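The values are calculated or read from the model by the stated rules, or taken from the named source; none is laboratory data. Please read these numbers as outputs of a predicted model, since none were measured by experiment. Here the Cβ positions follow ideal geometry from the backbone for every residue, glycine too, while neighbour counts run over all protein chains shown.
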Amino acid sequence: MKYIIRDAKEQDMDQVLKLIRELAIYEKEPDAVEITVEDLVKEGFGDQPLFHCFVAEVQNEIVGIALVYYRFSTWQGRSIHLEDLIVKESMRGTGLGSALYAEVLKYAQSKGVRRVEWVVLDWNTPAINFYEKSGAKLLKDWYLVQMDKEGVNKFVAEL
């Protein structure tokens, strides 16, 4: 199979959003995606983009993405967070995921970051096995902590 991995363009964001929605279904959160194509274009392109996106393309169809952005660690300095690595279900097992993963790590190396980090669901055994085989460490003694918009608003209102 012949594929191309390249930087995403504004006009790719509709296909990117379709893959984001496919991931939400896979992760058993089909109604969780609130972002729009317009949000992706606004936040990913322009003078100060908030993320960088790679796409994997087969015959002019985007069948995979890897979306990253910078974070800052008080211990390590600048790092890159891999928000999502998504491969269309029909294309899994073809090597596209490995190719996107490699592109992210090459990008991180080129940017001189000291760490790349991401989260993976504890039931996603294929992904966990892949990441561990690649040399990544799973930090099982840390919890992911989030507060959604409603929680933030409630907290601030009670101050």
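On the given criteria, is Y101 closer than 27 Å to D7 by Cβ, of a type in the set (F, W, Y) and touching a Ser or Thr at 6+ places or on another chain (Cβ under 8 Å)? Full working, then the answer.
Working: closer than 27 Å to D7 by Cβ: yes; of a type in the set (F, W, Y): yes; touching a Ser or Thr at 6+ places or on another chain (Cβ under 8 Å): yes.
Here the answer is yes, as Y101 does meet what is asked.
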Original post:
Taking E57, is it surrounded by fewer than 16 Cβ atoms within 10 Å (Cβ to Cβ) and of a type outside the set (V, I, T)?
Top reply: no
**OP:** Confirm whether K2 is over 15 Å from the mean Cα position of the chain (by Cα) and under 20 Å from Y69 (Cβ atoms).
**Re:** no
Original post:
Can you find a residue in region 19-29 that is in contact with a helix residue (DSSP H, G or I) (Cβ under 6 Å, 6 or more places away or on another chain) and either within 24 Å of Y107 (Cα to Cα) or modelled with pLDDT under 95 (or both)?
Top reply: no
**OP:** Output the helices (runs of 4 or more DSSP H) that fall wholly within region 1-111 and possess 1 or more residues being touching a residue at least 60 places away in the same chain (Cβ under 8 Å) and acidic (D, E), or say none.
**Re:** 13-26, 96-111
Original post:
Mind checking which residues of region 5-57 are within 16 Å of L85 (Cβ to Cβ) and either basic (K, R) or more than 16 Å from the chain's Cα centre (by Cα) (or both)?
Top reply: R6, K18, R21, E57
**OP:** Might you let me know whether region 146-154 holds any residue that is small (G, A, S), surrounded by 14 or more Cβ atoms within 10 Å (Cβ to Cβ) and out of contact with any Pro (no Cβ under 9 Å at 6 or more places or on another chain)?
**Re:** no
